[in-house]
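The values are calculated or read from the model by the stated rules, or taken from the named source; none is laboratory data. What you see is a predicted model, and the numbers here were worked out from it, not measured in a lab. Neighbour counts run over all protein chains shown; Cβ positions are idealised from the backbone, glycine included. For the accessible areas, the whole protein counts, side chains as well, though only heavy atoms, and no ligand, DNA or RNA atoms are used. Shrake-Rupley method; radii C 1.70, N 1.55, O 1.52, S 1.80 Å.
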Amino acid sequence: MTGLSLRSIASLTEVDKPAWDAVANPAGESFDPFLSWDFLHALEASGCATTKTGWQPAHLVATAADGTLRGALPAYAKAHSYGEYVFDHAWADAFERAGGRYYPKLLSAIPFTPATGRRLLAPQADIREALALGAMQLAETNGLSVWSMNFPAAPDRETADRLGLLHRVDRQYIWENEGYRTYDDFLTALSSRKRKALKKERAAANDGIEIVGLTGDDLRPEHWDVFFACYQDTGSRKWGQPYLNRDFFDRIHRAMADRVYMAMAKRDGRYFAAALNFIGSDALYGRYWGRLAESPFLHFELCYHRAIDFAIAHGLSRVEAGAQGEHKLARGYRPRPVHSVHHIPDGNFRQAVADYLDYERRAVLADIEAQQAELPFKASP
(Lines give C-alpha, C1' and ligand atoms only; values in the text may rest on other atoms or scores of the structure.)
Protein backbone atom coordinates (compact mmCIF):
# COMPACT_ATOMS: atom_id res chain seq x y z
CA MET A 1 0.00 0.00 0.00
CA THR A 2 1.39 3.42 -1.00
CA GLY A 3 2.78 5.44 1.89
CA LEU A 4 2.66 2.55 4.35
CA SER A 5 5.65 1.95 6.60
CA LEU A 6 6.32 -1.29 8.49
CA ARG A 7 8.56 -1.72 11.49
CA SER A 8 9.09 -4.15 14.34
CA ILE A 9 8.71 -2.98 17.94
CA ALA A 10 10.17 -4.60 21.05
CA SER A 11 7.35 -3.65 23.41
CA LEU A 12 3.69 -2.79 23.28
CA THR A 13 4.54 0.39 25.21
CA GLU A 14 5.84 1.77 21.90
CA VAL A 15 2.22 2.02 20.70
CA ASP A 16 -0.48 4.14 22.31
CA LYS A 17 -3.22 1.99 23.82
CA PRO A 18 -6.12 3.69 21.92
CA ALA A 19 -4.27 3.33 18.61
CA TRP A 20 -3.58 -0.36 19.16
CA ASP A 21 -7.12 -1.11 20.30
CA ALA A 22 -8.55 0.74 17.29
CA VAL A 23 -6.93 -1.76 14.90
CA ALA A 24 -7.13 -4.79 17.21
CA ASN A 25 -10.84 -4.47 18.00
CA PRO A 26 -12.26 -2.02 15.45
CA ALA A 27 -15.85 -0.90 15.46
CA GLY A 28 -18.09 -3.41 13.73
CA GLU A 29 -15.91 -6.41 14.60
CA SER A 30 -16.46 -8.82 17.47
CA PHE A 31 -14.48 -7.88 20.57
CA ASP A 32 -11.59 -10.23 21.28
CA PRO A 33 -10.21 -9.72 24.80
CA PHE A 34 -6.90 -11.38 23.95
CA LEU A 35 -6.09 -8.82 21.26
CA SER A 36 -6.57 -5.86 23.56
CA TRP A 37 -3.61 -3.70 24.56
CA ASP A 38 -4.41 -4.41 28.21
CA PHE A 39 -4.12 -8.19 27.83
CA LEU A 40 -0.96 -8.22 25.73
CA HIS A 41 0.69 -5.51 27.82
CA ALA A 42 -0.10 -7.46 31.01
CA LEU A 43 1.82 -10.42 29.56
CA GLU A 44 4.86 -8.25 28.86
CA ALA A 45 4.79 -6.03 31.96
CA SER A 46 4.37 -8.99 34.32
CA GLY A 47 7.39 -10.72 32.80
CA CYS A 48 5.40 -13.66 31.44
CA ALA A 49 6.07 -12.96 27.75
CA THR A 50 9.56 -11.49 27.56
CA THR A 51 12.99 -12.35 26.21
CA LYS A 52 13.81 -13.95 29.59
CA THR A 53 10.93 -16.46 29.21
CA GLY A 54 11.64 -17.15 25.52
CA TRP A 55 8.94 -14.81 24.21
CA GLN A 56 10.79 -11.80 22.82
CA PRO A 57 8.19 -9.28 21.56
CA ALA A 58 8.71 -8.37 17.90
CA HIS A 59 5.32 -6.94 16.98
CA LEU A 60 4.91 -5.53 13.48
CA VAL A 61 3.17 -2.19 13.10
CA ALA A 62 2.07 -0.51 9.88
CA THR A 63 1.86 3.27 9.91
CA ALA A 64 0.74 5.85 7.38
CA ALA A 65 2.93 8.78 6.33
CA ASP A 66 1.39 10.95 9.06
CA GLY A 67 2.27 8.38 11.74
CA THR A 68 -1.26 6.99 12.12
CA LEU A 69 -1.33 3.32 13.04
CA ARG A 70 -3.06 1.45 10.22
CA GLY A 71 -2.38 -2.13 11.18
CA ALA A 72 -0.50 -4.43 13.55
CA LEU A 73 0.59 -8.04 13.96
CA PRO A 74 1.38 -9.55 17.38
CA ALA A 75 4.67 -11.40 16.99
CA TYR A 76 7.36 -12.96 19.13
CA ALA A 77 10.84 -14.33 18.50
CA LYS A 78 10.59 -17.71 20.24
CA ALA A 79 13.47 -19.61 21.80
CA HIS A 80 11.30 -22.72 22.32
CA SER A 81 7.84 -24.08 21.45
CA TYR A 82 6.16 -24.05 24.85
CA GLY A 83 2.87 -22.29 25.53
CA GLU A 84 1.71 -22.36 21.92
CA TYR A 85 -0.73 -25.32 21.67
CA VAL A 86 0.41 -25.96 18.09
CA PHE A 87 3.01 -28.64 18.45
CA ASP A 88 6.10 -28.43 16.23
CA HIS A 89 8.69 -30.15 18.42
CA ALA A 90 9.06 -32.92 15.84
CA TRP A 91 9.74 -30.30 13.15
CA ALA A 92 12.44 -28.74 15.33
CA ASP A 93 14.05 -32.12 15.97
CA ALA A 94 14.05 -33.08 12.29
CA PHE A 95 15.44 -29.72 11.13
CA GLU A 96 18.24 -29.73 13.67
CA ARG A 97 19.16 -33.37 13.00
CA ALA A 98 19.54 -32.33 9.35
CA GLY A 99 22.01 -29.63 10.38
CA GLY A 100 19.65 -26.65 10.60
CA ARG A 101 18.89 -24.28 13.46
CA TYR A 102 15.18 -24.22 14.28
CA TYR A 103 15.28 -21.69 17.13
CA PRO A 104 14.76 -18.82 17.34
CA LYS A 105 11.64 -18.77 15.22
CA LEU A 106 9.02 -16.09 14.59
CA LEU A 107 5.51 -16.65 15.94
CA SER A 108 2.34 -14.62 15.57
CA ALA A 109 0.02 -15.79 18.32
CA ILE A 110 -1.43 -14.82 21.67
CA PRO A 111 0.92 -16.30 24.28
CA PHE A 112 -0.51 -19.23 26.24
CA THR A 113 -3.91 -18.76 24.55
CA PRO A 114 -5.23 -21.32 22.02
CA ALA A 115 -8.19 -19.20 20.87
CA THR A 116 -8.97 -18.50 17.22
CA GLY A 117 -9.01 -14.81 16.35
CA ARG A 118 -7.70 -12.04 14.16
CA ARG A 119 -3.93 -11.85 13.83
CA LEU A 120 -3.37 -9.51 10.87
CA LEU A 121 -4.94 -6.53 12.60
CA ALA A 122 -6.09 -4.23 9.85
CA PRO A 123 -9.47 -3.49 8.27
CA GLN A 124 -8.12 -3.48 4.71
CA ALA A 125 -7.02 -6.61 2.85
CA ASP A 126 -3.99 -4.90 1.31
CA ILE A 127 -2.69 -3.87 4.75
CA ARG A 128 -3.21 -7.39 6.07
CA GLU A 129 -1.21 -8.71 3.13
CA ALA A 130 1.53 -6.13 3.75
CA LEU A 131 1.78 -7.26 7.38
CA ALA A 132 2.07 -10.91 6.35
CA LEU A 133 4.72 -10.10 3.75
CA GLY A 134 6.55 -8.06 6.37
CA ALA A 135 6.60 -11.03 8.76
CA MET A 136 7.85 -13.33 6.01
CA GLN A 137 10.64 -10.86 5.18
CA LEU A 138 11.51 -10.41 8.87
CA ALA A 139 11.97 -14.17 9.23
CA GLU A 140 14.07 -14.45 6.09
CA THR A 141 16.23 -11.38 6.79
CA ASN A 142 17.09 -12.69 10.25
CA GLY A 143 17.71 -16.25 9.12
CA LEU A 144 14.80 -17.67 11.09
CA SER A 145 13.57 -21.15 10.27
CA VAL A 146 9.84 -20.38 10.23
CA TRP A 147 7.18 -17.74 10.70
CA SER A 148 4.00 -19.28 12.08
CA MET A 149 0.59 -17.74 12.69
CA ASN A 150 -1.40 -19.77 15.21
CA PHE A 151 -5.21 -19.92 15.41
CA PRO A 152 -5.86 -17.29 12.71
CA ALA A 153 -9.39 -16.29 11.77
CA ALA A 154 -10.71 -16.98 8.27
CA PRO A 155 -9.65 -13.67 6.63
CA ASP A 156 -6.07 -14.22 7.79
CA ARG A 157 -6.08 -17.77 6.49
CA GLU A 158 -7.26 -16.45 3.13
CA THR A 159 -4.36 -14.00 3.07
CA ALA A 160 -1.95 -16.79 3.97
CA ASP A 161 -3.33 -19.01 1.21
CA ARG A 162 -2.79 -16.26 -1.37
CA LEU A 163 0.83 -15.95 -0.24
CA GLY A 164 1.43 -19.70 -0.40
CA LEU A 165 1.87 -20.43 3.31
CA LEU A 166 1.50 -23.99 4.53
CA HIS A 167 -1.80 -24.78 6.25
CA ARG A 168 -2.11 -26.99 9.32
CA VAL A 169 -5.38 -28.26 10.80
CA ASP A 170 -6.08 -29.44 14.33
CA ARG A 171 -9.29 -29.61 16.37
CA GLN A 172 -10.92 -28.10 19.42
CA TYR A 173 -14.22 -28.79 21.12
CA ILE A 174 -16.61 -25.84 21.00
CA TRP A 175 -20.10 -25.47 22.42
CA GLU A 176 -22.45 -23.68 20.04
CA ASN A 177 -25.56 -21.80 21.11
CA GLU A 178 -28.50 -22.80 18.92
CA GLY A 179 -30.72 -20.05 20.28
CA TYR A 180 -31.19 -21.67 23.68
CA ARG A 181 -32.92 -19.53 26.31
CA THR A 182 -32.07 -21.80 29.24
CA TYR A 183 -29.83 -24.77 30.02
CA ASP A 184 -32.96 -26.94 29.95
CA ASP A 185 -33.52 -25.82 26.35
CA PHE A 186 -30.06 -27.16 25.57
CA LEU A 187 -30.85 -30.42 27.36
CA THR A 188 -33.95 -30.96 25.22
CA ALA A 189 -31.67 -31.15 22.18
CA LEU A 190 -29.91 -34.18 23.66
CA SER A 191 -30.90 -37.82 23.56
CA SER A 192 -32.80 -39.01 26.62
CA ARG A 193 -29.91 -41.10 27.94
CA LYS A 194 -27.36 -38.30 27.57
CA ARG A 195 -29.77 -35.76 29.06
CA LYS A 196 -30.25 -37.89 32.17
CA ALA A 197 -26.50 -38.44 32.48
CA LEU A 198 -25.75 -34.71 32.49
CA LYS A 199 -28.51 -33.98 34.99
CA LYS A 200 -27.10 -36.65 37.29
CA GLU A 201 -23.56 -35.32 36.82
CA ARG A 202 -24.55 -31.75 37.68
CA ALA A 203 -26.53 -32.85 40.72
CA ALA A 204 -23.52 -34.77 42.04
CA ALA A 205 -21.17 -31.86 41.36
CA ASN A 206 -23.39 -29.45 43.31
CA ASP A 207 -24.04 -31.80 46.25
CA GLY A 208 -22.79 -30.01 49.37
CA ILE A 209 -21.11 -27.35 47.25
CA GLU A 210 -21.98 -23.68 46.75
CA ILE A 211 -20.98 -22.34 43.35
CA VAL A 212 -20.87 -18.64 42.56
CA GLY A 213 -20.12 -16.73 39.38
CA LEU A 214 -18.16 -13.49 39.66
CA THR A 215 -17.29 -10.74 37.20
CA GLY A 216 -16.44 -7.04 37.25
CA ASP A 217 -16.66 -5.32 40.64
CA ASP A 218 -17.74 -8.56 42.33
CA LEU A 219 -14.21 -9.91 41.88
CA ARG A 220 -11.98 -9.06 44.83
CA PRO A 221 -8.35 -9.83 45.75
CA GLU A 222 -9.38 -12.72 47.99
CA HIS A 223 -11.02 -14.42 45.01
CA TRP A 224 -7.83 -14.05 42.99
CA ASP A 225 -5.86 -15.45 45.96
CA VAL A 226 -7.85 -18.67 45.78
CA PHE A 227 -7.80 -18.80 42.00
CA PHE A 228 -4.03 -18.34 41.83
CA ALA A 229 -3.43 -21.06 44.41
CA CYS A 230 -5.64 -23.38 42.34
CA TYR A 231 -3.90 -22.36 39.11
CA GLN A 232 -0.46 -23.03 40.59
CA ASP A 233 -1.51 -26.46 41.83
CA THR A 234 -2.94 -27.56 38.48
CA GLY A 235 -0.25 -25.83 36.41
CA SER A 236 2.59 -27.45 38.31
CA ARG A 237 1.07 -30.88 37.73
CA LYS A 238 0.39 -30.28 34.00
CA TRP A 239 3.43 -28.28 32.88
CA GLY A 240 5.93 -28.47 35.72
CA GLN A 241 5.80 -24.71 36.14
CA PRO A 242 2.78 -22.47 35.44
CA TYR A 243 3.30 -19.99 32.62
CA LEU A 244 1.59 -17.03 34.28
CA ASN A 245 2.45 -15.25 37.53
CA ARG A 246 0.35 -13.41 40.09
CA ASP A 247 1.33 -10.00 38.74
CA PHE A 248 -0.27 -10.89 35.40
CA PHE A 249 -3.58 -11.74 37.04
CA ASP A 250 -3.42 -8.62 39.22
CA ARG A 251 -3.02 -6.52 36.08
CA ILE A 252 -5.93 -8.30 34.44
CA HIS A 253 -8.04 -7.63 37.54
CA ARG A 254 -7.23 -3.90 37.44
CA ALA A 255 -7.66 -3.43 33.70
CA MET A 256 -10.12 -6.09 32.51
CA ALA A 257 -12.27 -7.31 35.40
CA ASP A 258 -15.41 -6.65 33.37
CA ARG A 259 -14.06 -9.08 30.75
CA VAL A 260 -13.51 -11.87 33.28
CA TYR A 261 -16.01 -14.48 34.47
CA MET A 262 -14.83 -16.65 37.33
CA ALA A 263 -16.82 -19.65 38.54
CA MET A 264 -15.85 -20.58 42.09
CA ALA A 265 -16.79 -23.48 44.37
CA LYS A 266 -17.16 -23.15 48.13
CA ARG A 267 -17.47 -25.89 50.74
CA ASP A 268 -18.03 -25.30 54.46
CA GLY A 269 -17.74 -21.58 53.84
CA ARG A 270 -14.34 -21.72 52.10
CA TYR A 271 -13.51 -21.43 48.42
CA PHE A 272 -11.47 -24.35 47.12
CA ALA A 273 -11.83 -24.41 43.32
CA ALA A 274 -12.12 -21.91 40.48
CA ALA A 275 -12.36 -21.66 36.70
CA LEU A 276 -11.30 -18.51 34.84
CA ASN A 277 -12.99 -17.39 31.62
CA PHE A 278 -12.61 -14.33 29.41
CA ILE A 279 -15.65 -12.67 27.87
CA GLY A 280 -15.77 -11.62 24.23
CA SER A 281 -18.67 -9.91 22.49
CA ASP A 282 -19.96 -13.23 21.11
CA ALA A 283 -17.90 -15.94 22.84
CA LEU A 284 -16.84 -17.09 26.27
CA TYR A 285 -13.26 -18.35 26.40
CA GLY A 286 -12.42 -20.89 29.09
CA ARG A 287 -8.78 -20.63 30.10
CA TYR A 288 -7.68 -21.98 33.48
CA TRP A 289 -9.08 -24.08 36.26
CA GLY A 290 -7.78 -25.60 39.47
CA ARG A 291 -8.84 -27.07 42.80
CA LEU A 292 -7.31 -27.40 46.24
CA ALA A 293 -9.39 -30.45 47.17
CA GLU A 294 -11.11 -33.25 45.27
CA SER A 295 -14.83 -33.13 44.55
CA PRO A 296 -16.68 -35.43 42.10
CA PHE A 297 -17.48 -33.94 38.68
CA LEU A 298 -16.52 -30.42 39.83
CA HIS A 299 -14.17 -29.89 36.89
CA PHE A 300 -16.99 -30.53 34.43
CA GLU A 301 -19.39 -28.31 36.38
CA LEU A 302 -17.13 -25.27 36.70
CA CYS A 303 -15.43 -25.45 33.32
CA TYR A 304 -18.17 -26.66 30.98
CA HIS A 305 -21.67 -26.53 32.44
CA ARG A 306 -21.27 -23.14 34.14
CA ALA A 307 -19.70 -21.77 30.98
CA ILE A 308 -22.76 -22.90 29.01
CA ASP A 309 -25.02 -21.31 31.64
CA PHE A 310 -23.16 -18.01 31.28
CA ALA A 311 -23.17 -18.09 27.48
CA ILE A 312 -26.92 -18.72 27.34
CA ALA A 313 -27.68 -16.03 29.93
CA HIS A 314 -25.63 -13.44 28.03
CA GLY A 315 -26.60 -14.39 24.50
CA LEU A 316 -23.12 -15.53 23.46
CA SER A 317 -22.86 -17.69 20.37
CA ARG A 318 -20.29 -20.19 21.62
CA VAL A 319 -17.98 -21.39 24.38
CA GLU A 320 -14.38 -22.08 23.44
CA ALA A 321 -13.04 -24.24 26.24
CA GLY A 322 -9.40 -24.44 25.14
CA ALA A 323 -7.26 -27.17 23.67
CA GLN A 324 -7.76 -30.95 23.77
CA GLY A 325 -10.30 -32.84 25.86
CA GLU A 326 -12.43 -35.50 24.17
CA HIS A 327 -14.49 -35.63 27.38
CA LYS A 328 -16.08 -32.38 26.18
CA LEU A 329 -17.98 -34.33 23.51
CA ALA A 330 -20.35 -35.88 26.06
CA ARG A 331 -21.12 -32.37 27.39
CA GLY A 332 -22.29 -31.04 24.03
CA TYR A 333 -19.04 -29.52 22.79
CA ARG A 334 -18.62 -30.21 19.08
CA PRO A 335 -15.32 -31.05 17.35
CA ARG A 336 -14.34 -28.16 15.10
CA PRO A 337 -11.20 -27.59 13.00
CA VAL A 338 -8.71 -24.96 14.13
CA HIS A 339 -5.81 -23.75 12.07
CA SER A 340 -2.26 -22.51 11.84
CA VAL A 341 -0.25 -21.30 8.85
CA HIS A 342 3.51 -21.47 8.31
CA HIS A 343 6.14 -19.79 6.14
CA ILE A 344 9.28 -21.92 5.82
CA PRO A 345 12.09 -20.32 3.78
CA ASP A 346 14.20 -23.49 3.39
CA GLY A 347 12.86 -25.27 0.29
CA ASN A 348 13.72 -28.84 1.28
CA PHE A 349 12.38 -28.42 4.81
CA ARG A 350 9.26 -26.75 3.45
CA GLN A 351 8.51 -29.67 1.14
CA ALA A 352 8.97 -32.23 3.91
CA VAL A 353 6.59 -30.32 6.21
CA ALA A 354 4.09 -29.83 3.38
CA ASP A 355 3.97 -33.58 2.72
CA TYR A 356 3.42 -34.28 6.40
CA LEU A 357 0.68 -31.65 6.70
CA ASP A 358 -1.24 -33.13 3.76
CA TYR A 359 -1.34 -36.48 5.56
CA GLU A 360 -2.09 -34.96 8.97
CA ARG A 361 -4.88 -32.73 7.66
CA ARG A 362 -6.74 -35.64 6.06
CA ALA A 363 -6.44 -37.68 9.25
CA VAL A 364 -7.66 -34.86 11.51
CA LEU A 365 -10.66 -34.03 9.32
CA ALA A 366 -11.61 -37.72 9.09
CA ASP A 367 -11.40 -38.02 12.86
CA ILE A 368 -13.56 -34.94 13.33
CA GLU A 369 -16.16 -36.51 11.05
CA ALA A 370 -16.02 -39.77 12.99
CA GLN A 371 -16.48 -37.96 16.31
CA GLN A 372 -19.85 -36.60 15.19
CA ALA A 373 -21.26 -40.01 16.10
CA GLU A 374 -20.13 -39.54 19.72
CA LEU A 375 -22.09 -36.31 20.26
CA PRO A 376 -25.00 -36.51 22.72
CA PHE A 377 -27.54 -34.80 20.47
CA LYS A 378 -30.72 -36.43 19.20
CA ALA A 379 -30.36 -38.04 15.83
CA SER A 380 -31.67 -35.96 12.95
CA PRO A 381 -34.87 -37.36 11.40
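Side notes on the structure shown:
- The range 101-124 residues that are more than 17 Å from PRO26 (Cα to Cα), paired with ones that are of a type in the set (S, T, N, Q) (beta carbon under 6 Å, 6 or more apart): TYR102/SER145; LYS105/SER145; LEU107/SER148; ALA109/ASN150
- Residue within the range 311-332 that is more than 27 Å from ALA153 (Cα to Cα) and either open to solvent by 10 Å² or more (accessible area, probe 1.4 Å) or more than 19 Å from the chain's Cα centre (by Cα) (or both) present: no
- Scanning the range 346-381 for residues that are within 17 Å of HIS167 (Cβ to Cβ), among the polar types (S, T, N, Q) and open to solvent by less than 60 Å² (accessible area, probe 1.4 Å) yields nothing.
- Condition check for ALA366: of a type in the set (Gly, Ala, Ser) and touching a residue at least 40 places away in the same chain (Cβ under 8 Å): no
- For the range 52-73, the candidate set comprises residues that are over 23 Å from ARG246 (Cα atoms) and free of Cβ contacts under 8 Å to residues at least 60 places away in the same chain; within that set, the residue that is most open to solvent (accessible area, probe 1.4 Å) is ASP66.
- Residues satisfying the stated conditions in the range 87-110, i.e. among the aliphatic types (A, V, I, L, M), within 18 Å of ALA352 (Cα to Cα) and open to solvent by less than 20 Å² (accessible area, probe 1.4 Å): ALA92
- Where a residue in the range 145-159 is more than 20 Å from GLY83 (Cβ to Cβ) and its partner, wherever it lies, is in a strand (DSSP E or B) and hydrophobic (A, V, I, L, M, F, W, C), with Cβ under 7 Å and at least six apart: ASP156/MET149; ARG157/VAL341
- Cβ-Cβ under 7 Å pairs, at least 6 apart or on other chains, the range 293-319 side closer than 14 Å to MET264 by Cβ and touching a residue at least 40 places away in the same chain (Cβ under 8 Å), far side open to solvent by 10 Å² or more (accessible area, probe 1.4 Å) and among the polar types (S, T, N, Q): GLU301/ASN206
- Within the range 11-25, the set of residues being assigned to a helix (DSSP H, G or I) and either open to solvent by 30 Å² or more (accessible area, probe 1.4 Å) or without any contact (Cβ under 8 Å) to a residue 12 or more places away in the chain (or both) comprises THR13, GLU14, LYS17, PRO18, ALA19, ASP21, ALA22.
- Among the residues here, GLU140 does not qualify as over 24 Å from SER81 (Cβ atoms) and open to solvent by 10 Å² or more (accessible area, probe 1.4 Å).
- Residues of the range 26-51 that turn out to be open to solvent by 40 Å² or more (accessible area, probe 1.4 Å), more than 16 Å from the chain's Cα centre (by Cα) and among the hydroxyl-bearing types (Ser, Thr, Tyr), as a count: 1
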